[in-house]
Structures are given as C-alpha cells and as structure tokens.
Amino acid sequence: MSNIVNPSTYIKSVLQNGMGRYVTQLQRITFKFSKTHGGSKGLREYMEKHLVDFAKDNPGVVIYVKPRRLGPASITMEYLNGENQYRCLSKHTKDDIVKWVEFARTQSGFPISRFIKNEHTDSPSIQGVWTPLTNKPTVLNVTDFPAEELSKASNFFPSATEQLLEIAKTIGTSSSQEQTKTSKSTN
C-alpha cells in the first residue's frame, strides 16, 4: 500500500561514509530573510549569535546569506547526493533555528521515509537459507527415533592414543622386517 505523505523504502546509507573519515553530507545551506519583517527576527538573531560559530565548526559547508525585502524567513539545504530541502522558518525562535540547522547538518540528505525492512543488502546470497538440517542425509526423514546407530558418538578423527598405537605398530613391523633382512644377509 502506498503512502504519499511518508513513502516506504529500504534502509539506505551513504556508501562507506565513516570508514576513513566522516564526510558531512550537507553541502550548502542558504539563509533567506527580511531585514525588517518581524517573522525573520529569530533567523536574524541566529545569524548574529550562532552563524559564525557554525561556519567555523563546519568548514565543508558553504553558507549563503540572502537578504530580501518580502517573504518569509527560510533555509534551503543542498546535500552531496543532489537532494534539496526547503524549510520555512517564519516566526521561529533562535533556539528552534539552532535545532533545525543541526538537524540539517547531521542528516544524510535522503528523504525521510518508512522502512520496508530493517535489513537490506544490495547483493543477496544466491545460496539460499541455511538451516541445521541443510547438509544432513535424507535417510533421517524416514528413520524412527531414537535410533541406536544414530545415538553413538561419531569420531571423524582418531584419538591421540589410537594415533600412537598406529605409529608403534608401523615402527614395530618395520623393525621386525629389518631384523629378518639382516639375519638373511648374515646367513
């Protein structure tokens, strides 16, 4: 089902961002305000007190300030992925604008949307889903349990004692063969 207000999508992230160094996805921010209109008061206060600090803390973000005669105060954010976002800030306080600018700085630029699933991969496995019974023999499907032969412990590798006995047996047979060869050569 489609939702126009909040579209659904798979989870996305900016590829490899943060693996080396973190790159802020906000590329440009444009402040538009009126020098005299009362609705731009909060944006004018923000620019007087916080804009220089924001510019120092974020040297990778280009800041444009556009005064105009009429119209509401607004900000336009442009991100590295090409997305543009517009926010009307008419009659907002300085503290609200600080929060909106910080929100814009930390956002990836992807539009806000509902997630279809919490996990997503661009290269899914072609092997299928693994279960504990994936590589078991099919004879187990018709076996009556508990089965005596399946209840025994299975040793794939010989134990250390069995390995030592095998080595001793091979050494013993080779030394007895050498003794018989030496006794035949002396005769």
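How high is the relative contact order of the chain, in percent, with contacts defined as C-alpha pairs under 8 Å that are six or more residues apart?
It rounds to 25 percent for the chain.
In terms of modelled amide H atoms, which long-range or inter-chain residues lie less than 5 Å from the amide H of Y10?
Excluding prolines and chain starts, which carry no amide H, the hits are I116.
Taking every DSSP beta bridge with both residues inside the chain, roughly what % is antiparallel (nearest 5)?
About 55 percent, rounded to the nearest 5.
So what is the calculated 222 nm ellipticity per residue for the chain, using -39500 (n - 2.57) for each DSSP H run with n of 4 or more, over all residues, to the nearest 500 deg cm²/dmol?
After summing the helix terms and dividing by residue count, I get -10000 deg cm²/dmol.
Magnitude of the Cβ-charge dipole of the chain, K/R +1 and D/E -1, about the Cα centre, nearest 20 debye?
1560
Fully extended, how many nm does the chain gain between V52 and T173 (0.36 nm per residue separation, minus their Cα-Cα distance)?
34.5 nm
Sum up the charges of everything whose Cβ sits under 11 Å from the Cβ of S74, counting Lys and Arg as +1 and Asp and Glu as -1, but leave S74 out.
+4
For V14, project a label point 7 Å along Cα to C-beta. Then give me every residue of the stretch 49-65 with its amide nitrogen under 13 Å of that point.
59-62
Given the stretch 63-139, report the % of alpha carbon pairs whose separation exceeds 22 Å.
53
Label the stretch 1-89 by shape, choosing from rounded, prolate and oblate, from the square roots a ≥ b ≥ c of the eigenvalues of the Cα gyration tensor; if a/c is under 1.5 it is rounded, and otherwise prolate applies when a/b is larger than b/c, oblate when it is not.
It comes out oblate by the Cα gyration axes.
Using C-alpha positions alone, give me the convex hull volume of the stretch 1-156 per residue in cubic angstrom.
That works out to 239 Å³ per residue.
S108 versus I126, label points 7 Å from Cα toward the beta carbon: distance in nm?
Using points 7 Å along Cα→Cβ, the separation is 2.7 nm.
Would you kindly derive the ³J(HN,Hα) couplings of the stretch 119-133 from the backbone phi angles with the Karplus curve 6.51 cos²θ - 1.76 cosθ + 1.60 (θ = phi - 60°), listing them in order in whole Hz, with x for Gly and Pro?
Rounded to whole hertz, the list is 10, 7, 10, 7, 10, x, 6, 9, 8, x, 8, 8, 10, x, 9.
Starting from the Cα of E149, step 7 Å along the direction of its Cβ; do the same at H37; then give the gap between the two resulting points in nm.
About 8.7 nm, to one decimal.
Since every read-out is calculated from the coordinates, none of them should be taken as a lab result. All figures in this text were calculated on a predicted structure; none of them were measured in a lab. Cβ coordinates were reconstructed from backbone atoms using ideal geometry, including for glycine residues, and neighbour counts include every protein chain displayed.
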